[in-house]
There are 2 protein chains.
Amino acid sequence: MKEGPNIAGIAALIGDPARANMLQALMTGVALTASELAQEAGVTPQTSSFHLGRLAEAGLVTLRKQGRHKYYNLADADVAALLEAMSGIAMRSGMTRVRTGPKEPALRKARVCYNHLAGEYGVQAYDSLLARAFLVEDGEQLHLTGDGRSFLSELGVVLPDKETKRRPLCKSCLDWSARRSHLAGIVGTSLLSFFLEQGWAKRVDGSRIIEFSKSGDSRFHAIFSL
Amino acid sequence: MKEGPNIAGIAALIGDPARANMLQALMTGVALTASELAQEAGVTPQTSSFHLGRLAEAGLVTLRKQGRHKYYNLADADVAALLEAMSGIAMRSGMTRVRTGPKEPALRKARVCYNHLAGEYGVQAYDSLLARAFLVEDGEQLHLTGDGRSFLSELGVVLPDKETKRRPLCKSCLDWSARRSHLAGIVGTSLLSFFLEQGWAKRVDGSRIIEFSKSGDSRFHAIFSL
DNA sequence: TTGATAGTTCGATCACGATCGAAACAATAG
DNA sequence: CTATTGTTTCGATCGTGATCGAACTATCAA
């Protein structure tokens, strides 16, 4: 009778407040343990376990055991993209949380999206690389050019040698706040790591916010000008 | 305490089977009345009314009264994109409907996505236009070139004269089956209408499937070769 | 006017699923 | 070994929200 994939299934999964909180917490990209996620979601460890089981079963999160801990991650950049898209719809639908705190502007400016940089800074980096042909779009594919590779290497960004088919080097990800693409994929991840390691920016507590220092900010704008 | 938009809200909205069915029915792009949607979802008109109220309130659907009918539509291409993305995740998570009917291959081949063409045919058209520089990507923006405009006009596709800011002429939409972009926006809509009006293809009953005729198929491939 | 169809509102019911307490299991630390 | 911490299983509870029957409003067709 019915056709197509069961949308209601995963939607219902994400639709539970506790699970949604967990997923949003995982949007920071850091691996979290079951009990940390319980705390994040405001439920007891038992319930957390129950929810995480369902999320893992549906393939929305992955886990790796490490000693007596279980570390959870978002399964995939695609899952992150779905959550990001959902944020966009929720945002414009006026379905914001009770109190839209002072963090929101900071979120729009720079935040981590799973494992790469999003927000205004993410978009700017993406555009800047594109404008200088360090990055080229080919249909939906995205490629790092030779020039782009050497540019990043010279900066000090570490990149794998070869582009594998399985994990694309570059990938674009739609930004809910800017409604534009930012850079995902291995390059996106490496770039974010670079910023953090150089001390140009740092993560804020357990949120998705990325805070650029004064000097880091000016360096960023010097390099990724438009 | 919490930050960011309320993902759980819209997810829960989509998470109800009845509402999910309604939304998927609306993915065909045709406007449906409340009772048609009730039938589609397998619920009574009362329940349908209840659900549609919530969907409209959240801004996921729009309605226009016409006589004693209320015609419902998806609010936006963004909502369609969200549902499409969700289909992708649901698909690979093995959360397919009980029986994956014989329609599925047809869906992968060509289907309507809200109001434009998706599936293999949609992707091919997109790539073909891009390859001949009838369409150019500029960051996330997508533009129809002068050549592209005259090419389509010559074919007989009707297009509005000017590109307005509000409704972009072109827009890319991610395809869940092909994992590639296909053409959305006004051009995408016009193109689909063109195929249907010319009799190259027709819609299948109330599903999202687009069925190309023998002659329509060959004409399509002649024009949108790669 | 009467009759028919589309849609809504109200109220009551009912089922599903989230939640937690208690207890078990797992793995490390001392 | 024992003690402690992290995670899971089971069972019972409980609340939220979907559902439908019945009655009501609105629009159209005679």
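The values are calculated or read from the model by the stated rules, or taken from the named source; none is laboratory data. It should be emphasised that the depicted structure is a prediction, and the values quoted were computed from it without experimental measurement. Note that we place each Cβ from the backbone using ideal geometry, even for glycine, and neighbour counts take in every protein chain shown.
General remarks:
- A single entry from B:Glu40, B:Glu36 fulfils the requirement of being in contact with a Leu (Cβ under 9 Å, 6 or more places away or on another chain) and either more than 9 Å from DNA strand C (Cβ to nearest atom) or assigned to a helix (DSSP H, G or I) (or both): B:Glu40.
- Residues that are at pLDDT 90 or above, within 16 Å of DNA strand D (Cβ to nearest atom) and outside any helix (DSSP H, G or I) do not occur anywhere in the stretch A:93-114.
- Check on A:Glu36, of a type in the set (Asp, Glu), free of Cβ contacts under 8 Å to residues at least 24 places away in the same chain and more than 10 Å from DNA strand D (Cβ to nearest atom): no
- Considering residues of the stretch B:51-73 that are surrounded by 14 or more Cβ atoms within 10 Å (Cβ to Cβ) and away from every other protein chain (no Cβ under 14 Å) only, the residue farthest from A:Ala90 (Cα to Cα): B:His69
- Among (1) touching a helix residue (DSSP H, G or I) at 6+ places or on another chain (Cβ under 7 Å); (2) away from chain B (no Cβ under 11 Å); (3) under 18 Å from A:Ile209 (Cβ atoms), the one test that A:Pro45 misses: (3)
- Residues of the stretch B:48-89 that turn out to be part of a loop (DSSP other than H, G, I, E, B), touching a helix residue (DSSP H, G or I) at 6+ places or on another chain (Cβ under 9 Å) and within 16 Å of DNA strand D (Cβ to nearest atom), as a count: 2
- Residue within the stretch B:15-29 that is more than 20 Å from the chain's Cα centre (by Cα), within 12 Å of chain A (Cβ to nearest Cβ) and away from DNA strand C (no atom under 14 Å from the Cβ) present: no
- Residue match in the stretch B:198-216 (condition: hydrophobic (A, V, I, L, M, F, W, C), within 20 Å of B:Gly148 (Cα to Cα) and within 14 Å of chain A (Cβ to nearest Cβ)): no
- Test: residue in the stretch A:176-186 that is in a helix (DSSP H, G or I), at pLDDT 85 or above and within 25 Å of A:Ala85 (Cβ to Cβ): no
- The one condition in (1) within 13 Å of DNA strand C (Cβ to nearest atom); (2) under 30 Å from B:Ser207 (Cα atoms); (3) assigned to a loop (DSSP other than H, G, I, E, B) that A:Ile10 fails to fulfil: (3)
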